[in-house]
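Presented below is the structure to which this report refers.
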Amino acid sequence: MPELRIIEVSALPKLFSNKDFISAMLGSQFLICHDLERSRTFMATCNSDGIVRLGRLVTGISFREADSRTIELRNPLYIEGYCPGREERKGVQVEETFSDLYLLFGNTNMRFMVSFVPSGPGEIGSVKRRVERLASSRSVRMTRMMGSRQAASSSESVQMDLYYGSDERLILLELLEMLNKAALNNGISYKVGFVIDGDYGKCGFLDYLMSKILVFDKSAVNERNLDGIFGFLGSADAIPLSCEHAARLLQFSNRITREEMIPTAFSGSVGDIELGEFLEGANTGRGETVRLDTRIFNLGTIISGMPGSGKTATAMGLLNQLAVRSGANAVMISPTKEWNGLGRELGMRIIRIYDDQTRINFFKCDSGINIGRFYENLAMLIASASNAGPYRNSLEKSLLAAFHKAYGRTTAPDPAAVYDEIENAVIEQHGKKNSVEVTFTKHGENIMAALEDLRLMLLRPQFAYAEGIDFNDLLKAGVVFDLSQVSNNMKPFFYALILNQVYSLADALDENGNDKLRMMMCLEEAQLVFDNTEESAASMDLKQRIQDFRKKGVGLFMITHNITDIDIGIRRLCQIKLYFRQSSDVTKFACNDLIFPEDQKEQIIDKLKRLPQGVCALSYMALDGNLRVPKQSIFVKLYKHDINAGEEGGGDRQATANAVALCGTMSITLLDAEGMPRPDVRIEVCYLGETLHRMPTDKAGKAVVNDTLMGKLYKLRVLGDRKRETRTFTVIGGRENTVRT
C-alpha cells in the first residue's frame, strides 16, 4: 500500500468550489479530518497525484505537509449514515449541513472525520435494492439511534414507524433518486462514512450529528492512529453518494484564510534569469517559471517591502544570477553585513567601513574621468547628505568653490587640504576672519554645522590620506561596502561619497551598452540618499542618470522598505519593480506603480497588504526581438537561493594590504629664542579646525600627544596671557617637533 500522506489546508479561495476538490481526488480514497480543538483541517490520502491535481484544479488552495502523529485518537466511533440533499428538512438547508461545526464545538477535544471511498456500479446496485425495499414497505420498522436530549445518557433509542409521508421515507426516496443519478453517470460515486473521536457524549456532539444525518449503524473502532483508521474506512460499509452529493459534505475550518482570486494574464516568459513561480489568481502556483532576460536589467530595478518580506534574499539571488550570466561587475552598498556572504561567494572585495584600516581617499579622481564633473557631483551629493536643510544650496556653492581650487592643483588632493579649502570658501562667502578669530553669519554657522560629518570622517586615519585604493581596480573585481559599523547619522554621508566614485566610473563608459549589462550598482536602503523630499538634488540627478544608464549598460538596483521613500519620478523611470508586502498607508501608491486593470485595483491594494514572505507583485519588461515590451504585472513566488548572507569575517584582506600603521605619538618641545626649554606653557593642538588637546609643557618644555596621524600637519597654538599674544605654528603628527617661540 502506498504511503499515507497528510496535508493541512492552510488557505482557500474566497469563491471555493467543493466540486473542484472532489474532481481533483476522483478515483482515490481520501479522508477529511476536522481537529475542532485546534480549528485545523487535514486531508489524508495515498494518492500523491491527487494532491498535485488538487493544487492545480483548485486555484488559491494552499496546504502544507503534516505528520500523522499530530492526529492521535482516543475512542473513535464509526457511523454509517446518509445526509439529506437539497430539500429543506426541519429548517436545515443541506448546503449548510456542517457550517456550524467549528462554531459550536471549537473549544472541545473532538475530532470529526468524513471518509470518501470510491465505489463501483455493483455497490450502487446493491444499496439501491436495499433502499427500494425500505421505501416501499409500510410494515418495515427500523431503529433510529438518537441520543435523548432529556436524558443524561445517549444510549437510549426511540422506535419510530416508517410510514408514508414520514421524514425517513422522504429521505430514502431522495437517496434512491441520488443513486439512480449516480448509476446513470457510469456508476461514479463515493462511499461516505463518518468517524467521531473525543468526549462526544459529554459535549453533545453525537446528538448534533444525529440531527444532521440519518444513522443506519454505528460501531467502535479499535484503531488509534490515522493510518489504521484510513485502512479500516477503505473496507467499511457506507452509503455510495454521487460526486455532486458527496461534495456537499466538505467543510473547512473558519480560521483558514480565504484568499481573493485576482485574474492575472501570463503567457510565459523567456529569459536566462529565473525569478520564481507564476501564481495564478495571485495565489496558486502552476509550475510555470517566470524568466527575465539579462538585457532588460539596465532599465532600473526597485525592490520594496516590509522587513522580513524577502526582498533582500531575492535581490541577492537576482544579482548572483546576473553576475554569473553577464559577467558584469557589481558595487553593493549595504548598511548591514548581509551582503558579505554573497560578495565572498562571487570573489568580490569586502570593504568594511570603520572596521578595517584600508586607506580610502574619497576625494581622489581616477584617471580617465572628467574631473570637472567629478567634483560637481561630489559637491551635490555631499550637500544632499549633510542635513543642511534650507542651507543646502549655500553649502553646495561653498563646496564647488573649494573643489575648484583643490582640483586645480591635483586630481588626488589631500583630504585635509580639501577641508581647509572648504572652510576658507565658507569664510569667504559667509564669514569674516582676523588675526585672532573667525566669525560666521547665520548661514555660515549652519553650513559649518552641516560639515561636521565630513570633519569627523577625516579625523579617522583610514580617510585622512591622499594615497588610497583605486576605485577602478575595485570595480573590476566587484566590491561590497559594508557600513554596519557606521552610525545611522553618518550612513547617508558615506553613501554619497561612494556613489560619487561609482557614478564617475559609469560616466566613463561609452554609450554602446543598450543591449548589455556591463555594470551593476545595488543600494540597500536606497532612501538614505535618494529620498522623496521636495527638490532633492540627489534624486533629481538620478532621474537623468537612469536614462543614461540604459545606454551605458548599467543596472541600478534600489532596495527600500516603503516605495514612498523614493521619489515618484525615480519610480516611474525604473521599469522593473518587485513589490513585496507593503504597509497599509502606501499600498495605494504601490498599486498605481504596477500595471493591473483598473477594475482590479481594490483587490490588488488589499492583496499587497497581506502578501506572505517570498511572494511579490512583479512589473517587468520582455524582449520581442530587439524591442522591449511592457507586460501586465503578475504575482510571483520567488525561488529561494542558497546564499550565506550572514557570513561573518573581517574586511577584505587584499584591500587592506596597504594598510600600514597610520597613527603614532607626536612630541613637541618648546624653546625660547635662546634655545632654552619653556616649561609650564599652555598649548593647544588643533586639526581640521578642532582643538584636540589642551595641556601645559613639562619642566623640560615638552608635551606628548598620542594617536596622531602620521605625517599630517597639525596646528600648534602657544597661548599667551592675552588672546592677541597667542601664536600659531605647524607641527607634524607621529614625529618629534621642536618649536622655537
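Laboratory data are not the source of any read-out in this text; all were calculated from the coordinates shown. The model shown is predicted, which means the values in this text are computed figures rather than measured ones. Every residue, glycine among them, receives a Cβ derived from its backbone with ideal geometry; neighbour counts consider all protein chains shown.
Quick look at the numbers
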quantity: Whole-Å distance, taken between Cα centres, linking segment 201-215 and segment 670-690; calculated: 100
quantity: Sites ARG64 and GLU684 - FRET efficiency at Förster radius 56 Å, r taken between beta-carbons, to 0.05; calculated: 0.20
quantity: Protection-proxy order for peptides 306-319, 674-687, 629-642, each taking the mean of Cβ atoms within 10 Å per residue, highest first; calculated: 306-319, 629-642, 674-687
quantity: Pairwise FRET efficiency - ASN109 versus VAL270, Cβ, R0 = 41 Å, nearest 0.05; calculated: 0.15
quantity: Whole-number percent relative contact order across segment 416-480, with pairs defined as alpha carbons under 8 Å at least 6 apart; calculated: 25
quantity: Segment 422-447 residues near the modelled ALA466 label - backbone nitrogen below 17 Å, point 7 Å along Cα→Cβ; calculated: 422
quantity: Whole-Å distance, taken between Cα centres, linking segment 287-308 and segment 260-279; calculated: 11
quantity: Above-threshold pairs, the threshold being 23 Å between Cα atoms, out of LYS191/LYS212; LYS476/LYS543; LYS14/LYS640; calculated: LYS476/LYS543; LYS14/LYS640
quantity: Segment 661-740 - Rg and Dmax from Cα coordinates, angstrom; calculated: 12.0, 39
quantity: Karplus-derived HN-Hα couplings along segment 611-623 (A = 6.51, B = -1.76, C = 1.60, θ = phi - 60°), whole Hz, x at Gly and Pro; calculated: 5, x, 4, x, 10, 9, 8, 10, 10, 8, 10, 10, 8
quantity: Given charges at Cβ of Lys, Arg, Asp, Glu: the chain dipole, positive-most of ILE360, ILE604, VAL270; calculated: ILE360
quantity: Mean Cβ neighbour count within 10 Å, used as a protection proxy, ranking 396-403, 732-739, 506-513 highest first; calculated: 396-403, 732-739, 506-513
quantity: Nearest 10 degrees, 0 to 90: helix 167-184 Cα axis against the chain principal axis; calculated: 70
quantity: Förster radius 60 Å - calculated FRET efficiency between ILE568 and ARG724 (Cβ-Cβ, nearest 0.05); calculated: 0.55
quantity: Inter-site label distance for ASP217 and LYS432 at 7 Å from Cα along Cβ, in nm; calculated: 11.2
quantity: Two-site label geometry, LYS702 and ASP237: point separation in nm, points 7 Å out along Cα→Cβ; calculated: 11.2
quantity: Those lysines that a straight Cα-Cα span of less than 17 Å connects to LYS491, excepting residues fewer than 8 apart in one chain; calculated: LYS337
quantity: Cα radius of gyration and Dmax for segment 194-315 (Å); calculated: 24.8, 71
quantity: Structure-derived mean projected area of the Cα convex hull in nm² - corresponding label in (i) 45.4; (ii) 31.7; (iii) 36.8; calculated: (i)
quantity: Dipole magnitude of the chain about its Cα centre (Cβ charges: Lys, Arg +1; Asp, Glu -1), debye to nearest 20; calculated: 280
quantity: Between helix 311-326 and the chain: long-axis angle, C-alpha atoms, 0 to 90°, nearest 10; calculated: 70
quantity: Under-5 Å amide H pairs with ASP567, H placed in peptide plane, nonlocal only; calculated: ASN532
quantity: Listed peptides 261-274, 323-336 by packing density, highest first (mean Cβ within 10 Å); calculated: 323-336, 261-274
quantity: Which of LEU523, LEU475, ILE546, positive extreme of dipole for segment 463-577 (C-beta unit charges); calculated: ILE546
quantity: Among beta bridges that DSSP assigns inside the chain, antiparallel share in %, nearest 5; calculated: 75
quantity: Over the chain, relative contact order from alpha-carbon pairs under 8 Å, at least 6 apart, %; calculated: 14
quantity: Order of ILE302, ILE595 - criterion: other Cβ atoms within 10 Å of each residue's Cβ, fewest first; calculated: ILE595, ILE302
quantity: Within the chain, helix-based [θ] at 222 nm, where runs of 4 or more DSSP H residues each add -39,500 (n - 2.57), nearest 500; calculated: -9500 deg cm²/dmol
